[in-house]
Each structure stands twice: as structure tokens, then as C-alpha cells.
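Starting off with a structure, shown below.
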Amino acid sequence: MEKLLLAVKVVIAVLVLILVVQNIVMVEVRFLTWGLRLPMALLLVVIYLMGMVTGKSLWTLFRRLYRDRTQRPH
């Protein structure tokens, strides 16, 4: 099982490396009056991390709401 897990990690690392190498081009990100130029690969990583934080926060909120709802006396 450990070898399978290692193989999956290696495949994911290779895919991420390919993604980074193929997306070195600089892109401009604009939000209202703010603008920033950065490599597309870095932008993808930042968006992915923001999604992880947002998803974890929403999951925690939903669990808390469910727990509060089920623990209330009727």
C-alpha cells in the first residue's frame, strides 16, 4: 500500500511540475483599481490555496450549524 501511495504522490508531483513549466507566461490580474503581474502557475497555486481555505471554512460552518441544530432540545 505504501508503494501505491508513493506512486500516486510521484504522479501528482510530475503533473504539477508539467503544469508549472507550461504556464510560466506572465498574466495580469486586475481587481477594481488594483493590478498585479505574475506567472500563471503562481496564480493557479494562489487560487487553489484560497479555495482550500474557503472550502475548509464553509465545511466547518456547515458542521457547526448541523451540530447546533441536532443538539437543541425540541
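Values quoted throughout were computed directly from the atomic coordinates according to the rules given, and no laboratory measurement underlies them. Please read these numbers as outputs of a predicted model, since none were measured by experiment. Here the Cβ is made from the backbone with ideal geometry for all residues, glycine too, and neighbour counts use every protein chain on show.
Given the alpha-carbon gyration tensor of the chain, what are the semi-axes of its equivalent ellipsoid in whole angstrom, ordered largest first, with each equal to the square root of 5 times an eigenvalue?
Values: eigenvalues 247, 131, 4 Å².
Semi-axes (√(5λ), whole Å): 35, 26, 4.
Rounded to the nearest 20 Debye, what is the dipole magnitude of the chain about its Cα centre when Lys and Arg each give +1 and Asp and Glu each give -1 at the C-beta? Let's see the in-between values first.
On the way: 10 positive and 3 negative charges, 90 e Å.
Using Cβ point charges on Lys, Arg, Asp and Glu, the chain gives about 440 debye.
Just subtract the alpha-carbon distance of T60 and Q22 from 0.36 nm times their residue separation and send over the number in nm, one decimal.
Numbers: separation 38, 0.36 × 38 = 13.68 nm, distance 3.53 nm.
Computed gain between T60 and Q22 is 10.2 nm.
Tell me, in nm to one decimal, what length is gained between I12 and V29 on full extension, where the rule is 0.36 nm per residue of separation less the Cα-Cα distance? Numbers along the way, then the final one.
Values: separation 17, 0.36 × 17 = 6.12 nm, distance 2.69 nm.
Gain on stretching I12 to V29: 3.4 nm.
Would you mind checking the tilt of helix 2-22 against the longest principal axis of the Cα atoms of the chain, expressed as 0 to 90 degrees and rounded to 10?
50 degrees
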